[in-house]
1. Roughly speaking, what is the centre-to-centre gap between region 148-210 and region 18-38 when only Cα atoms are used, to the nearest Å?
2. Relative to the compact globular guide of 2.2 N^0.38 Å, what is the alpha carbon radius of gyration of region 136-210, as a ratio?
3. Could you tell me which residue out of LEU37, GLY52, PHE75 lies farthest along the dipole of region 1-123 toward its positive end? Charges go on the beta carbon: Lys and Arg +1, Asp and Glu -1, centred on the Cα centre.
4. The chain: longest stretch without exposed trypsin sites (Lys or Arg not before Pro) (DSSP loop, at most 15 other Cβ within 10 Å), sites themselves excluded?
5. In Å², what does the accessible area per residue of the chain work out to with a 1.4 Å probe?
6. Per the Kirkwood treatment, what hydrodynamic radius in Å, one decimal, follows for the chain from the mean inverse distance over all distinct Cα pairs?
7. Can you list which of the chymotrypsin sites (Phe, Trp or Tyr not before Pro) found in region 119-210 are DSSP loop residues with at most 11 other C-beta atoms within 10 Å?
8. Please express the shape of region 44-128 as an equivalent ellipsoid: the semi-axes are the square roots of 5 times the eigenvalues of the C-alpha gyration tensor, given largest first in whole angstrom.
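The values are calculated or read from the model by the stated rules, or taken from the named source; none is laboratory data. It should be emphasised that the depicted structure is a prediction, and the values quoted were computed from it without experimental measurement. Glycine gets a Cβ as well: all are built from the backbone with ideal geometry, and neighbour counts include every protein chain shown. Protein only, heavy atoms only, side chains kept; ligands, DNA and RNA dropped before computing areas. Shrake-Rupley method; radii C 1.70, N 1.55, O 1.52, S 1.80 Å.
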Amino acid sequence: YYNMNNYIEIIRTIPSFIFYYEINNKFNRYQSKKIALNSLSLCHASISTLLGFCIYLFKFNNNYIQINTGGYLIFDLYYMFMIGKYDLLRIMYIYHHITCYLYMLLPSINFYWPQIVFFSELSNIPNYLVYYSIKNDEKLNLGKNFRSNLTKNLLKVQLFYYAFFRIFVIGYYGILEISSENYIPIEIYMTSILYIFGLIWFGFMLKQNL
């Protein structure tokens, strides 16, 4: 069950949702819808990474990560529901977003979601740069499988970044979460499934680099 603090934590993500909604509208003025969403995701990942560094270096309150990422997740859910297409990938995204949102409602003093969100978003940054570079390659009309040297290098950075942070670092924190001797809430088990999603995505990355 959720207490009054949880409801406050939910309500305080609304301004962040509005922020990302408005930023997306601005990106849409200059970019296609897909590129605009990619730019928005990069914006969110960058802010999350900056907040993470501030928490580690300057002891900022963990609430800032929950407010920022919570609002972004609500926006992305809103966007997916507005589109109304529910293929397997979107269903996985919906599960991911809902699970992460609930996970961040757990007390940060007892759980590792601030660290996991920080390293997750840090590892996501190359993903958005790769997507943008691939779209630029497509504009050259040199074939569907053409990859510029920049894209090839970014794909390698993406692979190593993801492997280190998602597989090893987040895997480490995941083990800490599920091996706790205290009561383990269902949100932890729900979130642990996302690690499997990450392994599947890593497999696709390996295939891209072969």
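1. That distance is 27 Å.
2. This ratio for region 136-210 stands at 1.53.
3. LEU37
4. Maximal segment without exposed cleavage sites: 145-210.
5. On the way: 12690 Å² over 210 residues.
In whole numbers, the chain has 60 Å² accessible per residue.
6. Details: mean 1/r = 0.0548 Å⁻¹.
Mean inverse Cα-Cα distance, inverted, gives 18.3 Å.
7. Hits after loop and neighbour filter: TYR183.
8. The answer is 24, 14, 11 Å, longest axis first.
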